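Trainee: Before anything else, here's the structure in question.
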Amino acid sequence: MLSNHLQNGVETAKLLWSRLPNTEDEDGEGGETDDGDGVLRSVGFDGVESLDYEVIENYAYRQEQARRGRLYVWYYVGVKWFFALLIGIDLPENDRHWDSYGPITRDLWCSYNNFRGTNGPMTCYRCTAQHSNGTGLAAVLINISVENFAGWKFSWTFHIVQKSYVAGFIVYTMINLALVFSSVYIVTQFAPAAAGSGIPEIKGYLNGIDTRGILLFRTLIGKISGSIGSVGGGLALGKEGPLVHTGACIASLLGQGGSTKYHLSTRWLQVFKSDRDRRDLVTCGCAAGVAAAFRAPVGGVLFALEEVTSWWRSQLMWRVFFTSAVVAVVVRTAMGWCKNDACGHFGSGGFIIWDLSDGQEDYSFAELLPMAIIGVIGGLLGALFNQLTLYITHWRRNYLHKKGNRVKIIEACIISVITSVISFGLPLFRKCSPCPDTDSGIECPRPPGMYGNYVNFFCTKDHEYNDLATIFFNTQDDAIRNLFSAKTIHEYSAQSLLTFLVMFYSLAVVTFGTAVPAGQFVPGIMIGSTYGRLVGMFVVRLYKKMNIEEGTYALLGAASFLGGSMRMTVSLCVIMVEITNNLKLLPLIMLVLLISKAVGDAFNEGLYEEQARLRGIPLLESRPKNLMRKMTAKEACGNQKVTYFSRVMKVADVATMLRTNNHNGFPVVDQSRSGETMVIGLILRSHLLVLLQSKADFQHSPLAVDMRSQSLPIRHSLSDFVKPVSSKGLSVNDIHLSSDDLEMYIDLAPFVNPSPYVVPEDMSLTKVYNLFRQLGLRHVFVVPRASRVIGMITRKDLLFEDNEDSGPVELQSTSGSTSRR
């Protein structure tokens, strides 16, 4: 009988192995593939493309602007604010009725609630969690799912270990394995761009780089469902980074009216079609993601300003702040729905907020030295974490993940099993401690599956607890709450904290980079709070003061590690204050952040910058390289030959030039009346492809169109030239031209940008760099020094009132009369 069961198990394993995908199949969106790092890449191309944040002021744009009145301007601004509201709260409700689950699940839920003491008359029979898939409610959905999956897992495991620890370990491992497998399978087969945190890709997008696939609808679904599986499965990952990516996806989908591929689009939302407007919406989405993840609306605004954007303005600040405020209200309202334990474990505080308002109230000057030491430790461990993850991710990308999706799935499953073995097995070797006799009001012990301190696990007596299980046998949010808790002096031993630090640090390094949605905020807080609490224990023993709280040092350690790894300062400081609800610790958090960032900068760059460079995202950092100060714009161009178009071109010549090079912008030249060649503007490759595909502007004559004519027909609107977000757009191979079409001509003058940005050839490359980054440019013309000046504009020339009823406003130029036409 046993041999038959073994044989059946082997056959089942072989069948599952054969069904695992091993090759990169096409995903049905133009031959995009996954290069092993979660970034979609098109065959034969680099997978990234610059965005056109510059306004293309061609003839069609100017005619459309001339037709728009003041009413349209108010409508345009109003829709922007309305979208800022939708980013926080929109999309349909998704009710989850408990009656739809099976009897085993309902019975397990009842037993779980019995252990938590929360069973009401109807709790075991029905639980309806009403939520939406906006940024704020997506965060609630993820938290509800993660907390309840973890609660069921710990409750079931605790039931079984009362009879057999081996059986409990098997059940615990299999639940984690099933959740992680669902996450990695969804990511590898449905949404490859959902792997990782997504913050480096979003940072690149707001920096002017579009990585294909990062803002698609399937990426949004893969991010949400994958985060639930990976975090609920107990991996050393967080859900906060993926929530930033989730907010950006929701904002982008709203900006383009939904997803046309999955027939989830609406025309009335298709208002903002330029890359410039989409950038503003994605910025709101990033801030909303942070606000939803940490319940920190001000921290979300500062995160978008400090970490991800390279261009900012006051109007955008207002909308980002409004979006973050809406998300905070939505999250708070959703939590109110779950106050009566209608949403399971989430209803009792599963959301990220670690209240330290009752913690240490004051600190002495002598404590500043150990706090500074925490900052140094955070900088060293954070820099080491960045370097180790960089090496491992590079090895994964170049060797392991090139073997196909099957290897990615197996890798994630192996790491899940190792994590389960460590988190379940290590507490078994730890001796239990007697419950302390304190008046803190904290119950001791608490069984596994319940949030709180003093977990009883593998203890022979009732009034004992396992300090290592208190950290391991909890969700990460609850474990951090335990480490931050006040009035729990001597709850943890130094041996247990050191063991957890080494093992969790190693797991976080190895797990980062797997093909699942992965954030590093909460794991970083876990690591930092562990060594921070260790330092706090030594400070308590050294100074022997009753007002020193180990939880305060755990908070400072968490801030120091995040500062040493991610190199954020202002936004991280505000986020830590908001999630701990203790403004008195602000100076101390600032101190450790400054020290940890300075120490980390001495070794390498921040985590997101390192990962962006590894993924091939060409970010323009805030400061140019020192070598650029010694170079000019002409030297940067080198000896490259400029490819340009004439104003009137033969269609065959246009198609040939597009096929023979990969440039995305071309100068357009024309002959003046004196026979001199002059540049009339810039035309984009994407615009040329639209013109060739439509064929509406083909003409038989090689003569130029009279641009001064009032009867010049407008055959294209601005929406015709819009490239779908996060896709490769139109290709020259997609255009079919007949022999008659190739013999015709096209006048490019109505479609060129007549006012591109131009720099003199002897301008320093540093100035060009700052111009590119601050304005979000894609192309800049380098021209010889001008022969004459026709005018000069100063600040006072730009200070005039916009009064359409008063007629044209005459600007007083500061130039001399001999320099004016």
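Trainee: As an exercise, use a Förster radius of 45 Å and the Cβ-Cβ distance of Ala494 and Lys403 to find the FRET efficiency, rounded to the nearest 0.05.
Mentor: Numbers: r = 43 Å, r/R0 = 0.95.
Efficiency, from the Cβ-Cβ distance: 0.60.
Trainee: Now for a separate question. Taking the Kirkwood radius as the inverse of the mean 1/r across Cα pairs, report the Rg/Rh of region 137-186. Could you put the intermediate results ahead of the total?
Mentor: On the way: Rg = 12.7 Å, Rh = 11.8 Å.
With Rg and the Kirkwood Rh in hand, the quotient comes to 1.08.
Trainee: Where Lys and Arg each count +1 and Asp and Glu each count -1, what net charge lies around Asn58 among other residues with Cβ under 14 Å from its Cβ?
Mentor: Details: positive: Arg62, Arg647, Arg715; negative: Asp52, Glu54, Glu57, Glu64, Asp697, Asp720, Asp747.
Local net charge: -4.
Trainee: Could you state the accessible area per residue of region 454-568 in Å², with a 1.4 Å probe and every protein chain left in place? Intermediate values should be presented prior to the final figure.
Mentor: Values: 3110 Å² over 115 residues.
So region 454-568 comes to 27 Å² accessible per residue, rounded to a whole number.
Trainee: Quick check: Cα centre of region 593-665 to Cα centre of region 280-325, how many Å?
Mentor: 26 Å
Trainee: Another question, if that's okay. With each pseudo-label sitting 7 Å past Cα toward Cβ, what's the Glu443-Leu742 distance in nm, one decimal?
Mentor: Inter-label distance under the simple model: 8.2 nm.
Trainee: In nm, what is the difference between 0.36 nm times the number of residues separating Val77 and Leu627 and their Cα-Cα distance?
Mentor: Numbers: separation 550, 0.36 × 550 = 198.00 nm, distance 4.25 nm.
Net length gain for the segment: 193.7 nm.
Trainee: Note down the net charge around Ile575, summing +1 for each Lys or Arg and -1 for each Asp or Glu among other residues with Cβ under 13 Å from its Cβ. Could the numbers behind the result be given before it?
Mentor: Values: positive: Arg295; negative: Glu240, Glu306, Glu307, Glu578.
That works out to -3.
Trainee: Sum up the lysine pairs in region 548-689 that clear both bars: alpha-carbon distance under 24 Å and a spacing of 8 or more or different chains.
Mentor: On the way: Lys584/Lys597; Lys597/Lys625; Lys625/Lys634; Lys630/Lys641; Lys641/Lys650.
Close lysine pairs found across region 548-689: 5.
Trainee: Note down the nm distance, to one decimal, between modelled labels 7 Å out along Cα→Cβ at Lys584 and at Ser314.
Mentor: About 3.8 nm, to one decimal.
Trainee: Which distance in nm do the two modelled labels at Arg659 and Gln63 give, with both placed 7 Å along the Cα-to-Cβ direction?
Mentor: 3.1 nm
Trainee: Let me ask you something else. Kirkwood hydrodynamic radius, region 524-659, all distinct C-alpha pairs: what's the number in Å?
Mentor: Numbers: mean 1/r = 0.0521 Å⁻¹.
When all Cα pairs of region 524-659 are included, the Kirkwood radius is 19.2 Å.
Trainee: For Trp395 and Val421, calculate 0.36 nm times their separation in residues minus their Cα-Cα distance, and state this gained length in nm to one decimal.
Mentor: Gain on stretching Trp395 to Val421: 6.9 nm.
Trainee: To the nearest 0.05, what FRET efficiency results for Ser717 and Met678 with a Förster distance of 35 Å applied to their C-beta separation?
Mentor: Details: r = 29 Å, r/R0 = 0.82.
It comes to 0.75.
Trainee: Expressed in nm to one decimal, what extension gain is obtained for the pair Val669 and Leu85 from 0.36 nm per residue of sequence separation less their Cα-Cα distance?
Mentor: Working: separation 584, 0.36 × 584 = 210.24 nm, distance 4.55 nm.
Full extension from Val669 to Leu85 adds 205.7 nm.
Trainee: Also, I was wondering about something else. Less than 23 Å apart at the alpha-carbon level, and either on another chain or at least 8 residues along: which lysines does that give for Lys431?
Mentor: Of all the lysines, those that pass the test against Lys431 - Cα under 23 Å, at least 8 places apart if same chain - are Lys163, Lys461, Lys487.
The values are calculated or read from the model by the stated rules, or taken from the named source; none is laboratory data. For clarity, every value in this text was computed on a predicted model and none was experimentally measured. Cβ: placed from backbone, ideal geometry, glycine included. Neighbour counts: every protein chain shown. Surface areas here come from the heavy atoms of the whole protein model, side chains and all, with no ligands, DNA or RNA. Shrake-Rupley method; radii C 1.70, N 1.55, O 1.52, S 1.80 Å.
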